[in-house]
Amino acid sequence: MKDLCILGSTGSIGVSTLKVVAQFPDKFRVRSLTAGNNAKLFAEQVLAVRPARVAIANKDSIPEFKRLAAGWNGDILGGVEGLVELAEERESNYVVSAIVGAAGLLPTLAALKKGKQVGIANKEPLVMAGPLMLAAAQASGATILPIDSEHSAVFQSARAGGPKEIRKVVLTASGGPFRTATLEQMRAATKENALKHPTWNMGAKITIDSATLMNKALEIIEAHFLFGVPYSGIEVWVHPQSIVHALVEFADSSVVAQLGLPDMRLPIQFALTYPERLDGALPPLTLERMKNLNFEAPDRERFPSLNFAYDAGARGGTVPAVLNAANEQAVSLFLDDKIKFCGIFELVGASLAAHREKAVENLETVLEADRWARDFVKSESVRG
Ligand code: NDP
């Protein structure tokens, strides 16, 4: 029996996780749930699932949650310290990390330090602080199970050989809504255009990241940390149908790939039931969906995000944390209609150019780089 703590249950991944969990009542118990702000959905989830404890990051939402969840008598914690307490308490042995952005760093790190199994969808903390998270997992014996579909695909494909036999990893990208757009069209893109993802249905931040290919940039760094593959051995291929999620090339030039419909319940279920594979009544891949599978090279001029990732990877230290934080801040400005779509590239590029990197010695170094990048992007966006 796995006793789950689901960090970010009100998000797109959190909701899908609860659907997967509901299929297997004899395998999973939900011990605790956390939300950011969404008291209404959180109260519905809590009344349906009845966890023992919950935490809400924004303490101002607690009164509304209490009113809506009347009749449920569990523990309610607030703030990031509440999230950390639930992530590390002994009563759960499996933590699903599904908060969006850097906000997931402290609770995810807390779970890793306690030696738990941790299913990670929340890629941003790995990008910011990969070496610290891996060191925490190694010291405590925690297991990291990737939920991100491409990393789940690498994890599954890599099982066909030994870790030293991997020559190359290919992450696929749908290409997002602007795959075939001109630079002029991208410059004029609205929030509504950017939020229309062709194949995946996801939260707003990752949907914008998919439109800029920044999601793939973050995934390159995530793959480097998760699988120990050098940046020179990580490629991105655009694959508009989102059926082949990743390919692993071995030393003998044999390539093993993982395929599946673009539905996050598949990688979530694998991360939860690993090492077992169970019938969760998910829709199967059909011949119809396989008839036209295309692959193309990404356009790194229109989408400079991939260059940012390789640059950040090569420089190392605090640079990936700056890439992540600058992007988070720029995406938030774009979603608030404060900057244009291509302003995201400009602000992230300027942050990387201006940053003086340091070695990642401890959490404070990472958090300081994160704060620096957010302040830099805010002041640059005002200057214009
Ligand atoms: P959503 O925006 O849909 O959900 C985010 C979750 O995080 C919500 O539960 C939200 O709470 C919570 N949250 C937001 N801010 C805070 C905060 N400051 N403190 C605590 N909790 C907070 O995101 P997604 O589910 O789309 O993505 C989650 C993560 O998974 C991201 O890192 C993303 O890159 C990754 N991922 C997502 C995929 C997808 O298909 N969606 C695919 C692969 C990876 P509330 O809504 O209550 O405010």
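Overview of values
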{"item": "Residue-averaged 222 nm ellipticity for the chain, from DSSP H runs of 4+ at -39500 (n - 2.57), nearest 500", "result": "-14000 deg cm²/dmol"}
{"item": "Theoretical gain in end-to-end length, Phe295 to Arg315 [0.36 nm per residue, Cα-Cα removed]", "result": "4.3 nm"}
{"item": "Euclidean distance of C-alpha centroids, the stretch 283-335 and the stretch 3-37, integer Å", "result": "27 Å"}
{"item": "Whichever lysines have a C-alpha closer than 26 Å to that of Lys358, once near sequence neighbours (fewer than 8 apart) are set aside", "result": "Lys113, Lys123, Lys216, Lys378"}
{"item": "Cut-off 14 Å, label 7 Å out along Cα→Cβ of Asp375, residues of the stretch 343-359 by amide N", "result": "355-356"}
{"item": "Computed FRET value (nearest 0.05) for Tyr231 with Thr199, which takes r as the C-beta separation and R₀ as 25 Å", "result": "0.45"}
{"item": "Exposure proxy order (Cβ contacts within 10 Å, fewest to most) of Tyr94, Tyr231", "result": "Tyr231, Tyr94"}
{"item": "Stokes-Einstein D for the chain, Kirkwood Rh over Cα pairs, 20 °C, 1.002 mPa s (µm²/s)", "result": "101 µm²/s"}
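None of the figures in this text is laboratory data; all of them are computed from the coordinates on show. All figures in this text were calculated on a predicted structure; none of them were measured in a lab. In this analysis, Cβ positions are derived from the backbone assuming ideal geometry, glycine residues included, and neighbour counts consider all displayed protein chains.
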